[in-house]
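Student: My questions all concern the structure below.
Each reported figure results from applying straightforward, stated rules to the coordinates on display, with no laboratory input. What you are looking at is a predicted structure, and each value in this text was computed from that prediction instead of being measured. Positions of Cβ are generated from backbone atoms using ideal geometry, with glycine treated the same way; all protein chains shown enter the neighbour counts.
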């Protein structure tokens, strides 16, 4: 009987390991999970610090040509400035593994983001990549918009100009569109798009 | 003296390959290949990228990351380029981030139509691409093409290259009865849609993978694509809530060969 119990228990464990083989990630329409990361000055920042506010998450890797394109054209700083002026919180998250050739540590990140005149509220380091995996961030940039109710409202590309040219040919900026709809109490019309960019260097 | 000058002039007319460099090292050579061109008829150009080991570039649907090559003909208003043809790619990347592309070498083919007159003796081809290894590097260049530079030896070599890569273009699915298929979908609890494509007249177990076309309406979870003896399943999220799939297109992989399919989809 004991043998039978352990056989069944082992089978259940094996089955469970197959079932949970892919990480459980947040999806649009569901609550964005809280997280805690250090900013470039070493201060701990939590998503829950901004409860009740619209939050934009921007996955970033300063070495990626798509990211460079959006910052060298001024596109990213411009939308950051526009959003933060409306009281929206903008957090950049860098999930590049520290031993990657393109890794920017906090010091290097501070220098490049200063040079680029980033207007983000906070720039966060995710060196153990936990938050990147939690949100299933695939590219840099990859954008997530969280509503005032803490629900994820948009996941995907910054715009529809799928190039390294920094949004010069974009006909729609999905952040502006989603935030505008949330602020006017409308349903977000485009909730998901395939993000474009470099792969996140996990 | 005249013959020397003529030789120098012809040598200058031959298009030089473009070398993309990284840290003073040449990592990609880009060149144009062409078979014999009859000045009054349509023709096909090959865009040849040779990459250093470890670097890769992308299919028309790059997958979760990356960028496909783009090509544009300049300085020839009487030429009209058709859709760039991408050879069958292979899957590159980790289980989390799936991309489709080419390593070491690829030749894209560009069909060119003649709208009027004859093929000009000189025109240019503007190219943009992205290669990645540990890092990703974009490249942009404009290559010159001189009709007079087509020596018989060059035409022969280029034609062999074009033939080799034309053979790697995805084939029509009808050749393998892959057009005899239907897809059904159901709704997942998380708002995504589960799609299952069933093939009615294929030998069980021969399909090895499915590389979907990029979609403006759905974000396909590429890591969710599964092949079973019965068909192919995957989950996708509508970009606009409420949108449902009407068809599923892409290439069905049988080993390293790709077969184009466009399968009608309906609710189960």
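Student: Taking the 0 to 90 degree range and rounding to the nearest ten, how far is the long axis of helix B:2-13 tilted relative to the main principal axis of chain B, both from C-alpha atoms?
Tutor: Roughly 20 degrees between the two axes.
Student: Considering the alpha-carbon set of the stretch B:172-267 alone, what are its Rg and its Dmax in angstrom?
Tutor: When restricted to Cα atoms, the stretch B:172-267 yields Rg and Dmax of 12.7, 38 Å.
Student: May I ask for the angle, rounded to the nearest 10°, between helix A:106-115 and the longest principal axis of chain A, with both axes built from Cα atoms and the value confined to 0 to 90°?
Tutor: Orientation of helix A:106-115: about 30 degrees from the principal axis.
Student: A further question follows. In peptide A:100-111, how many Cβ atoms from other protein chains are near each Cβ within 10 Å, on average?
Tutor: Details: counts 2, 3, 3, 0, 0, 0, 0, 0, 0, 0, 0, 0.
Average per residue, whole number: 1.
Student: Follow-up question, since we're still on this one. Using a ≥ b ≥ c from the Cα gyration tensor of the protein assembly as shown (square roots of the eigenvalues), is it rounded, prolate or oblate, where a/c under 1.5 gives rounded and otherwise the larger of a/b and b/c decides, a/b for prolate?
Tutor: Numbers: a/c = 2.00, a/b = 1.37, b/c = 1.46.
Oblate, because a/c is 1.5 or more while a/b does not exceed b/c.
Student: Starting from the eigenvalues of the Cα gyration tensor, five times each then square-rooted, give me the equivalent ellipsoid semi-axes of chain B, largest first, whole Å.
Tutor: Values: eigenvalues 325, 84, 55 Å².
Over the Cα atoms of chain B, the ellipsoid semi-axes are 40, 20, 17 Å.
Student: What ranking do B:122-130, A:53-61 get when scored by the average of other Cβ atoms within 10 Å per residue, highest first? Each step should come with its number before you reach the end.
Tutor: Details: B:122-130: 19.0, A:53-61: 24.1.
Ranking, from highest mean packing down: A:53-61, B:122-130.
Student: Enter the Cα centre distance for the pair the stretch B:16-53 and the stretch A:55-76, rounded to the nearest angstrom.
Tutor: First find each Cα centre; the distance between them is then 31 Å.
Student: I need to check one value: relative contact order of the stretch B:2-169, counting alpha carbon pairs closer than 8 Å and at least 6 residues apart, in percent. Show your work: numbers first, answer last.
Tutor: Values: 361 pairs, mean separation 46.1, N = 168.
Relative CO of the stretch B:2-169 lands at 27 percent.
Student: Here's another thing I want to ask about it. Please report the spacing between the Cα centers of the stretch B:230-268 and the stretch B:96-150 in Å, no decimals.
Tutor: 29
Student: Would you please give the FRET efficiency between residue B:16 and residue A:30, computed as 1/(1 + (r/R0)^6) with r the Cβ-Cβ distance and R0 = 56 Å, to the nearest 0.05?
Tutor: Computed FRET efficiency for residue B:16 and residue A:30: 0.55.
Student: Another question, then. Please state the relative contact order of the stretch B:172-267 as a whole percent: Cα pairs under 8 Å, 6+ residues apart? Walk me through the numbers on the way to the answer.
Tutor: Values: 206 pairs, mean separation 32.6, N = 96.
It rounds to 34 percent for the stretch B:172-267.
Student: Between residue B:121 and residue B:180, what is the label-to-label distance in nm when each label sits 7 Å out along the Cα-to-Cβ direction?
Tutor: 5.7
Student: Another question about this same structure. Give me A:161, B:213, A:99 sorted ascending by neighbouring Cβ count inside 10 Å, so fewest comes first.
Tutor: Working: A:161 20, B:213 16, A:99 7.
In increasing order of surrounding Cβ atoms, one gets A:99, B:213, A:161.
Student: Which whole number gives the average count of other chain Cβ atoms within 10 Å of the Cβ atoms across peptide A:185-195?
Tutor: Details: counts 0, 0, 1, 2, 3, 4, 7, 10, 7, 14, 3.
That average works out to 5.
Student: What is the angle, in °, between the Cα long axis of helix B:152-166 and the longest principal axis of the Cα atoms in chain B? Nearest 10 is fine, range 0 to 90.
Tutor: For B:152-166 against chain B, the angle is about 0 degrees.
Student: Helix-derived [θ] at 222 nm for chain B: sum -39500 (n - 2.57) over DSSP H runs of at least 4, divide by residue count, nearest 500? All intermediate terms of the calculation are to be shown ahead of the outcome.
Tutor: On the way: 2 runs with 27 residues, N = 268.
-3000 deg cm²/dmol, from helical runs alone.
Student: How would you rank A:116, B:165, going from fewest to most other Cβ atoms within 10 Å of each one's own Cβ? Let's see the in-between values first.
Tutor: Details: A:116 17, B:165 20.
Ordered by Cβ neighbours within 10 Å, fewest first: A:116, B:165.
Student: If you average 1/r across every pair of different Cα atoms in the stretch A:75-202 and take the reciprocal, what Kirkwood value do you get, in Å? If you can, show how the numbers build up before the last one.
Tutor: Working: mean 1/r = 0.0650 Å⁻¹.
In the stretch A:75-202 this quantity evaluates to 15.4 Å.
Student: So, one more: Who wins for biggest fluctuation among B:31, B:235, B:224 in a Gaussian network model of chain B, springs between alpha carbons below 10 Å?
Tutor: Among B:31, B:235, B:224, the largest mean-square fluctuation in the Gaussian network model of chain B belongs to B:224.
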